[in-house]
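Below is one structure, written out as structure tokens; comments come after it.
The values are calculated or read from the model by the stated rules, or taken from the named source; none is laboratory data. Nothing here was measured: the structure is a model prediction, and the numbers come from that model. Please note: Cβ atoms are built from the backbone with ideal geometry, for glycine as well, and neighbour counts cover all protein chains shown.
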Ligand code: ADP
């Protein structure tokens, strides 16, 4: 019947309104009846009492008028009597027309009879006085008229008494009826109040129950219970909302079931992939506790996943170097794009792993999981060490014979051991040049083997960039002057210190300057600059030499690459710049070249500065 909340509210409102109207009507009716009773009390009995009082006064004045008449004041006595006679009749008529009480009418009739007699007696008295004189008249007054006067007075008193009694009776009745109506209205008010309260509570519960039921269901769904459904208690707006909500929850449930299924399938797929990776892999939670280990990891570390799960990384792996690296990446002290080469000892053997740490973050960018992949590079590392050992041994073994070869040819060319003809001198010269090139190659190979073998041989410390540049500058100043090339350096005074290996950095600048002097001629310039850019120290060596063609710019840092176009006398080993690159990168820096053919080249590299 009442389908909408609005109609329900109107119904309750009308109920309360009708009850209030009933209460109001009852109160008004009661007040009206009280008012009527008061009015009748005032008008009826009070009117009679007043009339009696007036008649009493008039009868007294009659008596005075008679005495005045008897006393000789004849005319005034008669006049006063007549005047009051009219007044008496007026008040008598009022009383005669206002008979309200039982027995009152008989007394009124008696009053009329006695008063008629009394006024008739006054006429008789006048005749007696005229005929028989004053004393007989006086006697007549005393004997005949005085008793009638008293009788009239007693009748009036009786009428007064009847009305007074009635008045008191009415007053008592009024009090009782007013009390009754008070209790009546009070009782009705309580009934209306209780009824109103009960109706309000009943309907409030009826309206609010579906809402609280809906709220409970919403809370359950919010907490993940997608099977919770709101009861459809009413067909009103709340019932409609509940129906819509239930349908929505059903759809979410279906969606989640399908998504969950897909997610589970994806998870299983990922799990199989992870488990079958041949490199050791482990997943840690945000408290660095083990959440997953693959088979390779179990095999290498000789642990079982079941016993390692939920245990802290250090409790299971016991390698603080790896843990420090993981925490550094997790705390963003190191980039997760990098790898770290870490040596792990097992069974008295050294294993080398390139460790990659990947952070898996959740919705609020908080760490959910940390994936640690151990890429086994032990064989590569061993091969590299072998190669470096070989190069270093070979270059070392080559050095001494080469030196004696170069010195021998020098001695021969200086003709200390006898004169040489022109052809012999040319052969000696070629032998010396090739010997020197070979010596350069050996030196570079030795250098490269040292850099590649291990970063540990770097002595990283805070160094003054001015001292590094000045060391290089001094080495080449004389050679530059001899060639007619202007060599200079520029830098600000308060440059911060750099973090690097002094010797190696001097070697890098030396190598770049050697090239610059090699590819410049008389009148050219070679300038060295140092400046800070993006919180790194930049060192650049600029020359106004022949420049490098664009096609070679990217290649000149590759091992053994040298540009052929300059003629044989400038061809070197092709190792200098590649060693420079290795050294700069070992310092976490970068090196690059900008060049234009004919205009010159600029080699720039960066090195970290101290904080
Ligand atoms: P190399 O021992 O051959 O000089 P580098 O690695 O030092 O080997 O240099 C590689 C090549 O880069 C050189 O062969 C040369 O062609 C080119 N190169 C290097 N520096 C300069 C320069 N300042 N001007 C022109 N070419 C240069």
Members of region 543-553 that are more than 9 Å from the ligand (Cβ to nearest atom) and either modelled with pLDDT of 95 or more or buried (at least 21 other Cβ atoms within 10 Å of the Cβ) (or both): 544
Within region 474-489, tally of residues that are surrounded by fewer than 21 Cβ atoms within 10 Å (Cβ to Cβ) and part of a strand (DSSP E or B): 3
Where residue 588 falls short, out of the listed (1) touching a residue at least 12 places away in the same chain (Cβ under 8 Å); (2) under 57 Å from the mean Cα position of the chain (by Cα); (3) more than 9 Å from the ligand (Cβ to nearest atom); (4) at negative phi: (4)
The one condition in (1) away from the ligand (no atom under 12 Å from the Cβ); (2) at pLDDT below 95 that residue 556 fails to fulfil: (1)
Within region 565-585, considering residues that are more than 8 Å from the ligand (Cβ to nearest atom) and more than 13 Å from residue 512 (Cβ to Cβ), the one modelled with the lowest pLDDT: 568
Test: residue 368 is touching a residue at least 40 places away in the same chain (Cβ under 8 Å) and outside any loop (DSSP other than H, G, I, E, B): yes
Conditions (1) within 27 Å of residue 465 (Cα to Cα); (2) buried (at least 20 other Cβ atoms within 10 Å of the Cβ); (3) out of contact with any helix residue (DSSP H, G or I) (no Cβ under 8 Å at 6 or more places or on another chain); number of the one not met by residue 532: (2)
Selection status of residue 399, assigned to a helix (DSSP H, G or I) and in contact with a strand residue (DSSP E or B) (Cβ under 6 Å, 6 or more places away or on another chain): no
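When region 502-523 is examined, which residues are found to be in contact with a strand residue (DSSP E or B) (Cβ under 9 Å, 6 or more places away or on another chain) and under 18 Å from residue 475 (Cα atoms)?
The answer is 502, 505, 508, 509, 512, 513, 515, 516, 517, 519, 520.
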Residues satisfying the stated conditions in region 517-528, i.e. surrounded by 15 or more Cβ atoms within 10 Å (Cβ to Cβ) and in contact with a helix residue (DSSP H, G or I) (Cβ under 9 Å, 6 or more places away or on another chain): 517, 518, 519, 520, 524, 526, 528
Selection within region 325-345 - over 20 Å from residue 376 (Cβ atoms), surrounded by fewer than 17 Cβ atoms within 10 Å (Cβ to Cβ) and modelled with pLDDT of 85 or more: 327, 328, 331
